[in-house]
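Undergrad: Sharing a structure here in structure tokens format.
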Amino acid sequence: MNYKLLAKAIQEYIDANLNADINQIALARSKFEGVSAAELAGQLLSKKKSEKKLPSWFQASDIYYPPPLSIEQTSSEITAQYKSKLAVGDVLIDLTGGFGVDAYYFSKQIRKVTHCEINQELSAIAAHNAKILRAENIHFEAVDGMAFVRNANEQYDTVYIDPARRAGKGKVFMLKDCTPDVTANLDLLLQKAGRIIIKTAPLLDITAGLTELKFVSEIHIVSVKNECKELLWILDQDFSGEPKITAVALNEKEKVFCFKKSESDVNVSFSDNLASFKYLYEPDAALLKSGAFNLIAASYQLAKLHPQTQLYASNIINSDFPGRIFELEGQLTAADLKKTGNLTGNVIVRNYPAKAEELVKKYKIKSNHNQFLIFTKIANGENVILKASIIQHY
């Protein structure tokens, strides 16, 4: 850490130049002794990236920011706050602490939190910011978290770990391909704590994860504004039974859908005649990731458009539904689009033989915030184009 970056004049400069050209600042000569132009640009860029993702850090004075990549990789406040409710007991250890956002929110729920981070500078940054934010019950260790917990005499109520992709890996579909390898250290972790919380990227396949882990009691699929952000795996020592799956959409209002996989195989009604329905439902990304496509229809009393079309129809508005709701205004054909000029609407494609960008270009469709053209397939196999207006956002 370069503590000179915390000088009042430099902090004022950073705040005054948040909207300035970062590249220009990085290439210019620094105005401050002992602080390089690259360091100034780095602080500016990281703080700017924190504005919406980490508002508590952004709004606080004297926060020291890590390189922008660390901001991109850290949990957002909204997801960290959610996962903090999943911890149990009085003592927690975060084995992959990073910038410290998760540890900060755990510290609001747990009496004693240990933050482990192998990168010494990042550990120091997280410790400094914890003091600024008055999180006084977090203890910081600049060490490899797995080695630390292996040698620790202390028992924990909760272990939290966010394994990263191994260097050189592309998409990761197995936990064993992450660092640290949770699967190889699972017995150790279960000896150290009654509950393990594992955060993984949302691309990890749920079925594959269940084959690699044991004692999984809960799986939480977390999305923000229709973007699936995290998969959270809860392992409880000696748990037996079927895990509960929770799809949660964290927007202005938290919306939750819980089920067990054995409950998801239910009968569902389909509709070829959308003219008999007033509203169209589009599930949130977390709900789609859960795979409970028929259970969604049964739970919210919706008709499904097609077995492979995850869109649903209804004559009522249920504002508790995790996803968007549209009011249906009509059904069009491709011939109608060719004849119609000045087409407007956001294009949605679901189970239709064309991509959205191709359709926009082909029919010269102009964007419209509230109007939508939905290209999809219904139960009889017919491709249809639905005109709709949005009445509930994510």
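Undergrad: Pulled fully out, how much extra length does the chain show between Ala152 and Ser217, if you take 0.36 nm times their separation in residues and subtract their Cα-Cα distance?
TA: Once the chain is fully extended between Ala152 and Ser217, it gains 20.8 nm.
Undergrad: Let me ask another. Counting other Cβ atoms within 10 Å of each Cβ, which GluC sites (Glu not before Pro) in the range 98-190 have at most 13 and sit in a DSSP loop?
TA: Glu136, Glu154
Undergrad: Next question, about the same structure. Take the cross-link list Lys112/Lys260; Lys52/Lys108; Lys225/Lys339; Lys53/Lys192; Lys225/Lys377 and give me the ones stretching past 30 Å between alpha-carbons.
TA: Lys112/Lys260; Lys225/Lys339; Lys53/Lys192
Undergrad: Can you tell me the length gained on complete extension of the stretch Ala335 to Phe239, counting 0.36 nm per residue apart and subtracting the Cα distance? It would help to have the intermediate numbers written out before the result.
TA: Numbers: separation 96, 0.36 × 96 = 34.56 nm, distance 5.80 nm.
Once the chain is fully extended between Ala335 and Phe239, it gains 28.8 nm.
Undergrad: Counting alpha carbon pairs within less than 8 Å and at least 6 residues apart, what relative contact order, in whole percent, applies to the chain?
TA: Across the chain, relative contact order equals 9 percent.
Undergrad: Using alpha-carbon pairs under 8 Å, 6+ residues apart, how would you state the relative contact order of the range 1-66 in percent?
TA: 32 percent
Undergrad: Filter the GluC sites (Glu not before Pro) in the range 211-271 to those in DSSP coil with at most 13 other Cβ atoms within 10 Å of their Cβ, and list the result.
TA: When the GluC sites (Glu not before Pro) of the range 211-271 are filtered for loop state and at most 13 Cβ neighbours within 10 Å, Glu252 remain.
Undergrad: Tell me the volume per residue, in Å³, of the convex hull enclosing the alpha carbons of the chain. Kindly include the intermediate steps, with their values, before the conclusion.
TA: Values: hull volume 65.4 nm³, N = 394.
Convex hull volume per residue, Cα atoms: 166 Å³.
Undergrad: So between Gln59 and Ala16, what do we pick up on full extension, going 0.36 nm a residue minus the alpha carbon distance? Present the calculation step by step, with values, prior to reporting the outcome.
TA: Numbers: separation 43, 0.36 × 43 = 15.48 nm, distance 1.35 nm.
Taking 0.36 nm per residue and subtracting the Cα distance, the gain is 14.1 nm.
Undergrad: A further question on this structure: Arranged by the count of other C-beta atoms within 10 angstrom, fewest first, what order do Leu337, Leu311 take?
TA: Values: Leu337 17, Leu311 24.
Neighbour counts put them in this order, fewest first: Leu337, Leu311.
Undergrad: What is the angle, in °, between the Cα long axis of helix 120-132 and the longest principal axis of the Cα atoms in the chain? Nearest 10 is fine, range 0 to 90.
TA: 80 degrees
Undergrad: For the range 274-392, what ratio Rg/Rh do Cα atoms give with a Kirkwood hydrodynamic radius?
TA: 0.95
Undergrad: Any chance you could check the Cα centroid distance between the range 191-227 and the range 36-80 for me, in angstrom?
TA: First find each Cα centre; the distance between them is then 27 Å.
Undergrad: Would you please give the FRET efficiency between Leu188 and Val266, computed as 1/(1 + (r/R0)^6) with r the Cβ-Cβ distance and R0 = 41 Å, to the nearest 0.05?
TA: Between Leu188 and Val266 the formula returns 0.55.
Undergrad: Ok, one more. Cross-link partners among lysines for Lys31, C-alpha distance below 18 Å, same-chain residues fewer than 8 apart left out?
TA: Lys4, Lys8
Undergrad: Provide Rg over Rh for the range 74-241; use the alpha carbon set for both Rg and the Kirkwood Rh (inverse mean inverse pair distance).
TA: Rg/Rh for the range 74-241 comes to 0.93.
Undergrad: What shape does the range 145-246 have by the C-alpha gyration tensor, where a ≥ b ≥ c are the square roots of the eigenvalues, rounded means a/c under 1.5, and otherwise prolate means a/b greater than b/c and oblate the rest?
TA: oblate
Undergrad: Right, next: Using just the helices of the chain, give the 222 nm mean residue ellipticity in deg cm²/dmol: DSSP H runs with n ≥ 4 each add -39,500 (n - 2.57), and the total is spread over all residues, rounded to 500. Let's see the in-between values first.
TA: Numbers: 15 runs with 119 residues, N = 394.
After summing the helix terms and dividing by the residues of the chain, the value is -8000 deg cm²/dmol.
Undergrad: State, to one decimal in nm, how far the label point of Leu6 lies from the label point of Ala28, with both points 7 Å from Cα in the Cβ direction.
TA: 2.6 nm
Undergrad: Calculate one ³J(HN,Hα) per residue across the range 364-370 by plugging θ = phi - 60° into the Karplus curve 6.51 cos²θ - 1.76 cosθ + 1.60, and present them in order as whole Hz with x for glycine and proline.
TA: 6, 8, 8, 5, 8, 5, 9
Undergrad: Can you pull out the GluC sites (Glu not before Pro) in the range 343-394 whose DSSP state is coil and whose Cβ has at most 16 other Cβ atoms within 10 Å?
TA: Glu382
Undergrad: So what's the projected area for the range 99-194, the Cα convex hull averaged over all directions, in nm²?
TA: Details: hull surface 27.0 nm².
Orientation-averaged projected area of the Cα hull: 6.7 nm².
Undergrad: Only bridges whose two residues both fall in the chain count here: according to DSSP, what percent of them are antiparallel, nearest 5?
TA: Details: 48 of 77 bridges.
Taking every DSSP beta bridge within the chain, about 60 percent pair in antiparallel fashion.
Undergrad: Based on Cβ point charges of +1 for Lys and Arg and -1 for Asp and Glu, what charge dipole magnitude is obtained for the chain about its Cα centre, in debye rounded to the nearest 20?
TA: 1100 debye
Undergrad: How big is the dipole moment of the range 3-69 about its Cα centre under a simple scheme where the beta carbon of each Lys and Arg is +1, that of each Asp and Glu is -1, and everything else is neutral? Debye, nearest 20, please. Intermediate values should be presented prior to the final figure.
TA: Details: 9 positive and 7 negative charges, 29 e Å.
Dipole about the Cα centre, nearest 20: 140 debye.
Undergrad: Here's something else I'd like to know. Could you work out how far apart the two model spin labels at Glu72 and Lys362 are, taking each label as a point 7 Å from the Cα in the direction of the beta carbon, and quote it in nm?
TA: 3.4 nm
Undergrad: Counting pairwise Cα distances across the range 3-69, what percent come out greater than 21 angstrom?
TA: Of the Cα pairs, 13 percent sit more than 21 Å apart.
Bear in mind that the values in this text are calculations on the coordinates, not laboratory data. For clarity, every value in this text was computed on a predicted model and none was experimentally measured. Because the Cβ atoms are built from the backbone with ideal geometry, glycine has one as well, and the counts that use them run over all protein chains shown.
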